[in-house]
Every structure is written in structure tokens, then in C-alpha cells.
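Each remark here refers to the structure printed beneath this line.
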2 protein chains.
Amino acid sequence: MVKAKKYILHKRFVGEPKPSDLKLVEEELPPLKDGEFLAEAVYLSVDPYMRPYADVLPLGSTFIGIQVALITESKNPKYPVGKYVVDAFGWRTHTISNGVSTPGDIPVIVLPDLGDLPVSLGLGILGMPGNTGYFGFLEICKPKAGETVVVTGAGGAVGSLVGQIAKLKGCKVIGIAGSDEKNKWLKEELNFDHVINYKTQDVEAELKKAASEGVDCYFDNVGGEISTIILNQMNFFGRVAVCGAISGYNNRNIKAGVVQFPLVFRQLKMEGFVVRRWADRWMEGILQNLEWIKQGKLKYRETVTVGFDKMFNAFVDMLRGVNQGKAVVKV
Amino acid sequence: MVKAKKYILHKRFVGEPKPSDLKLVEEELPPLKDGEFLAEAVYLSVDPYMRPYADVLPLGSTFIGIQVALITESKNPKYPVGKYVVDAFGWRTHTISNGVSTPGDIPVIVLPDLGDLPVSLGLGILGMPGNTGYFGFLEICKPKAGETVVVTGAGGAVGSLVGQIAKLKGCKVIGIAGSDEKNKWLKEELNFDHVINYKTQDVEAELKKAASEGVDCYFDNVGGEISTIILNQMNFFGRVAVCGAISGYNNRNIKAGVVQFPLVFRQLKMEGFVVRRWADRWMEGILQNLEWIKQGKLKYRETVTVGFDKMFNAFVDMLRGVNQGKAVVKV
């Protein structure tokens, strides 16, 4: 008999989530049926999207999230014992699955052989955030060599990847993040052309200096006022991929300068996306990012918090921007 | 010797334009050279875009605008005496032109034979606003039969056309305008399915009732808070054509609810445009709208102010939303 621990949504978040909004409970798992396998969480992901999606999650549900789990028992030959599976099992230590993902969720995958790389990358650059950056940037921004690209949330898992892919594509890259330490990493290790600290610098003035030629592509992780400032510095026919709006996840009532002015006068195209729209090309993104890592062309950072009992802390730290690169929890 | 009267931009507009911001002056025109023609303004247009564009117009310039003018003298066989020409000559009574439009401006055209229809339509449904509605809606919203379309500024020249084209394409149409009289016309004469008066009704609540199935296409003439409310009621993969932002033309510092939330969660595509991007297809739009009018499928309204000395009043009335359908001035 396997006992799973899991976090359920106990109360609606109001503003920043509180520890008492979640509840840790135990669940006895039944024996496996044919076609099922048992997976034991090894790494769990905490991501910005969890904050807004929690607002529509029924109370009492297992809290949402993707994990890398080791298959420890199996009655499904496609999911053999000893392999790692990546799926949106939620915040739980043990899961029985038949390998069919919830409709609308990301595909369940067996992690390809990563060689010496840690399996936690299946939650980051080789998983949902990796594909978010890969497809969202390339398919929506359609960057061309020589263009100027701005990325917000640049120190995060998605933003740091987008900036590097933009560099690979021959673009000039300006990253905006919330700490000098993040920015130092972006500039010195990831070769971003310019970085701006939105907490200590005047984004409008700094961007005018860094991108006097105007901005062609903007990968928007934050929404709100900073995004309006960037839109107002875009060139005609610029493209904006809207990936998130973390600036307002704890308070949806924020207001910002009206985007319709730059949209009309500069004829901008702005498109929001959720990465699962590319579910049928899922492995393409993972394998391309893996190849670039092996070639030394992509770097990543992880902030690893140890302990399933620290899930909540890791989550709130990520929302506060404490993490550098992908935030994960090691069980 | 021909004397032209013209309005020049004398002072920058601050908030709502004041009569003293413009100045009426006289200009002596030289004799025609080969390739030139003399055109006498018959109808002049006042349009929302003039307000924001004036902010970047050099002081002392002739105020911008399109007019229908009668060719009264010509040394250019392509522009024969007696024909009507439509071009962005600005707010002036007489103009010498060689038929070459300013780069980036709309094409100079000789008005096709309109039969019994008034030549003023060359400023409205058979001119720039007509093409704005025709191309902007069809090319950016890409409406499909059975979809639900919302139009703001629905009582204006562009909005009233967009709603009618949407009906022609088999869509359900909801118009939002600022007076019951406009809305009565939209509903009773143009067969809009629903109308909302944003000045007296709760747009969010009324739209939920009128479009409980969600909104697929939004043609945005106004920007600002009303647009955010509409975006929040759109269906997945909805399309938004951003044509204008009249709600903030007199005050660019307005703030509105953040659009990135609905853009991401509903995966919306939002694109701003200026109609001259379809300059190479200019006559297609005019001839299609003309055909629909002759078939009785499109109706239009004009608010005609008489007198070149009333240009300013017509302009401000239009910004205040006093006009119904296209606002024009008859010299």
C-alpha cells in the first residue's frame, strides 16, 4: 500500500498566497490496474502560471503543477520501471497514471536520455518553460537577424532562454529583470547586449538609450506598465508575444497605460499564447533545446529548494522573483 | 490668381482642441505647371485620427485631412477638369497637385462614377473610412459565419460599416455607441443584433447578456477600459483589430485594466493597423462597398456641416461623438 502526500487548495488566494491557503493531506493509493504505472515525484516545478490558474481551480483539488517522477511500478509497457516521466500530476509525491494526459494539459512524456544532465531540466529548459520560450518566441515574434528584441522576466526560466535563442538567431537582446545579480548573469554569461533593472532604473530612459533604433520584438512575461513603456518604443510592424502577466498575478485590478495607442500608431501585432497549442510538436522543442545545450549554445540556471514540505516557500519565492532561472523543488 | 484659404496648426492641442489652436490664413497660388491641376474643395473630412496625428504635426503646417475636390483647371490628362479627386490635401479650399500623394499617405484617386450618390461618400464609406472598415475588419478579424463580433464607436463612419459587413458575412453583431439615437439607428436600420449605450449602461453586464457565448472578433475604435472589458469576454483564439483609441485622444495618460491577462489566458491576437497598408488594393475596397450600396446591402449616414469656416466646430463635435455616421464639411 502506497501513501501519497499531496497539497490541496484549501482557500482562495487573496493577494500573495498564504501557507494556510494550501493543506497537506495523505491519500492511500489503490493497487495498479492494467495499463497503469506508479510514479514517484523526484522534482516538482513551481511556475508563475500557477498563481492565476489557482483562481479557477476548484477548492479541494490537488494543487496544479508539473513534476519529473521516477516510474517505480508499471503495468504499461510504454512506461517502464526506472524511466522518468514528466506530467502535470500536481503537487503530490506519488501518482498512479495511465499515461493519458488531461485534455488541454501538456503531453505526458518519458524523458529522453539526458546523459550527464540533471533530470530536473525536464521541468525547465527541456520541458514546459523551454517549449514556451522556443515556440512562443520563434512562432509569434518571428525574429529576423539584426532585429532588436526585448525580454521581460529575463532572469526567469523562460525569459533567459528567449534571450539566448534571440542571440542564436542574430538579434540584439535587451533583458529586463529585477536584480543586479540576475542582470550580471544575463550580461556576462548569457551575452545579452543590454540589461535593465526595473526596480532601480528608469526603464523608459534606459531602453531609449539601449535601443535607440527601436524595438522589433517583445517577449512579454510581465504585462502592466513596463510593457506599455516598451510598446511605446517599438518600431512599425513590431511583434509582441504575450507569455504572462506576472506583474498583476497577485492583483488583477492593476491599471496600465493604454496599449491601443502604440498598437495603432506603430501597427503592432500582439498575441497571447499558452504553450500547449504546440502539443503536437512537443518533442521538437525539447530535442532542439537539448541539442543547443550539448553544443554549449544554451545555458541555464536552476534554483533548487530541497524538501516536499518546502513547496509553498519555493512557490512564493518564485512569485517574488527570488529564484534565478528555473525554480524547482527536489523531494 | 487663385487665393486659397487654409487652416494652419498654430498651437499644440492640450486636451480638447480650442479654436485658437488653429489659424485661418490665405495663400496665393502660382499658375499651373505642366502635370499639375487645380482642385477646389467641395467636401472636407473630419476624422478621429486628426487629434493624435496633430501632436506630431509641425506647428505652422496646413492642418491634415482628406477632401473631395472638383478639378477646375488641369495640365495633367489623368486629372481632367470636371472630375472629382480625393486626396489628403489638408484643410484648404484650393490646392495645386501633380497627383502624386505624399509618401505614406493614402493614394490620390479620381472618384469613380457614383451615379446618384453624393460625392461626399468619397470621404466616408467610399473612401478612407470605408476602406478602414473593409480591410481592417476582414483582413485582421478574419470573421467566420456564425461568430460573434463586437464593434465600438459603432455609430461612427467606420464602426457602422464594420457592423454591416459583419452581418453580410453571417456574424452576430453587437454595437457599442454613446447615444440611444445612434443605437436605435444601428438596431433598427442596420440590423445590429444588440446595441449597448456605454454612457448609460453597464457594458460588462450588458455584454455578458448579449454575448453569453463569448466574443470572437472585436473591432476596437476606442481603446481604454471598455476595450479591456470586452477582451475579458472573448473566446479562445479571438481576434482584435485595433483601429483607434478615441477614448484617450484628448488625454493619453489614461490608464486601463491590463490587457495581457485576457491576451494570455484566452490566447487572443490583437493587431493595430493604419489603412494605408492596403494602398495597393485601395480601389478594391471602394468598389466593393459601392457595389454593396447599390445592392441595398450597406447603409450610411452623414453629418454634414456647411461652411469652411465651421471646420473647427465639426472637428470638435466629431471628437465629442455628436455626429452620426461620417462627419463632413460642405464648403
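Of all residues in segment B:255-306, how many are within 17 Å of B:PHE135 (Cα to Cα), within 14 Å of chain A (Cβ to nearest Cβ) and among the basic types (Lys, Arg)? Result for segment B:255-306: 3. Within segment A:287-297, the presence of at least one residue that is aromatic (Phe, Trp, Tyr) and not assigned by TED's automatic domain parsing to the domain that holds A:LEU111 is confirmed. Looking at this structure, is A:ASP105 surrounded by fewer than 18 Cβ atoms within 10 Å (Cβ to Cβ), under 24 Å from B:LEU268 (Cβ atoms) and not β-branched (Val, Ile, Thr)? So A:ASP105 passes the test. Restricting to segment A:226-254, and then to whatever is at pLDDT below 95 and more than 7 Å from every other protein chain (Cβ to nearest Cβ), can you tell me which residue is surrounded by the most Cβ atoms within 10 Å (Cβ to Cβ)? Across segment A:226-254, the extreme among qualifying residues is A:TYR249. When A:ASP193, A:ASP202, A:ASP180, A:ASP216 are checked against the criterion of being surrounded by 22 or more Cβ atoms within 10 Å (Cβ to Cβ), more than 14 Å from chain B (Cβ to nearest Cβ) and among the charged types (D, E, K, R), A:ASP216 stands alone in meeting it.
Might you check whether a residue that is charged (D, E, K, R) and buried (at least 16 other Cβ atoms within 10 Å of the Cβ) occurs anywhere in segment B:278-290? No: segment B:278-290 contains no residue that is charged (D, E, K, R) and buried (at least 16 other Cβ atoms within 10 Å of the Cβ). Criterion first (assigned to a loop (DSSP other than H, G, I, E, B) and within 21 Å of A:GLY124 (Cβ to Cβ)) does A:ASP34 satisfy it? Answer is no for this residue. Considered as a group, the residues in segment B:166-177 that are surrounded by fewer than 24 Cβ atoms within 10 Å (Cβ to Cβ) and free of Cβ contacts under 8 Å to residues at least 60 places away in the same chain include one that is farthest from B:SER212 (Cα to Cα), and that residue is B:LYS169. Taken together, B:VAL46, B:VAL42, B:VAL56 contain a single residue that is loosely packed, with under 12 Cβ neighbours inside 10 Å and either among the hydrophobic types (A, V, I, L, M, F, W, C) or not assigned by TED's automatic domain parsing to the domain that holds B:ARG92 (or both), which is B:VAL56. The residues of segment B:253-266 that are touching a residue at least 24 places away in the same chain (Cβ under 8 Å) and closer than 12 Å to B:GLY223 by Cβ, listed by number, are B:ILE254, B:ALA256, B:GLY257, B:VAL259. Restricting attention to segment B:284-312, and to residues there that are touching a Pro at 6+ places or on another chain (Cβ under 8 Å) and at pLDDT 95 or above, which single residue is nearest to B:GLU16 (Cα to Cα)? Once the filter is applied, the top-ranked residue is B:PHE312. When A:GLU225, A:GLU181, A:GLU139 are screened for being in a helix (DSSP H, G or I) and free of Cβ contacts under 8 Å to residues at least 40 places away in the same chain, only A:GLU225 passes. Within segment B:102-112, at least one residue is on the phi < 0 side of the Ramachandran plot and part of a strand (DSSP E or B). Taking first residues from segment B:307-331 that are among the basic types (Lys, Arg) and partners that are not in a loop (DSSP other than H, G, I, E, B), the Cβ contacts under 6 Å between residues at least 6 apart in sequence or on separate chains come to B:LYS326/B:ALA157; B:LYS326/B:GLU302; B:LYS330/B:TYR43; B:LYS330/B:VAL304; B:LYS330/B:VAL306. A single member of A:LEU22, A:LEU32 is surrounded by fewer than 19 Cβ atoms within 10 Å (Cβ to Cβ) and of a type outside the set (Val, Ile, Thr), and it is A:LEU32. Residue-level check: of (1) at negative phi; (2) in contact with a Ser or Thr (Cβ under 6 Å, 6 or more places away or on another chain), B:ALA245 misses just (2).
Residues that are more than 24 Å from A:VAL264 (Cβ to Cβ), in a loop (DSSP other than H, G, I, E, B) and modelled with pLDDT of 95 or more do not occur anywhere in segment B:39-57. Which residue out of B:GLY65, B:GLY115, B:GLY155 is touching a helix residue (DSSP H, G or I) at 6+ places or on another chain (Cβ under 8 Å) and surrounded by fewer than 15 Cβ atoms within 10 Å (Cβ to Cβ)? On inspection, the qualifying residue turns out to be B:GLY115. Apart from one condition, A:LYS11 fits all of (1) surrounded by 13 or more Cβ atoms within 10 Å (Cβ to Cβ); (2) in contact with a helix residue (DSSP H, G or I) (Cβ under 9 Å, 6 or more places away or on another chain); the exception is (1).
Looking at the structure I just gave you, is A:GLY90 surrounded by fewer than 19 Cβ atoms within 10 Å (Cβ to Cβ) and assigned to a loop (DSSP other than H, G, I, E, B)? So A:GLY90 does not fit the description; no. Considering the conditions (1) more than 16 Å from A:GLY257 (Cα to Cα); (2) assigned to a loop (DSSP other than H, G, I, E, B), B:GLY238 is excluded by exactly one of them, (2).
Across segment A:91-137, the number of residues qualifying as within 19 Å of the chain's Cα centre (by Cα), β-branched (Val, Ile, Thr) and either at pLDDT 95 or above or in the same structural domain as A:GLY156 (by TED's automatic domain parsing) (or both) comes to 3.
The values are calculated or read from the model by the stated rules, or taken from the named source; none is laboratory data. Note that the structure is predicted; figures quoted are calculated from it, not measured. Every residue, glycine among them, receives a Cβ derived from its backbone with ideal geometry; neighbour counts consider all protein chains shown.
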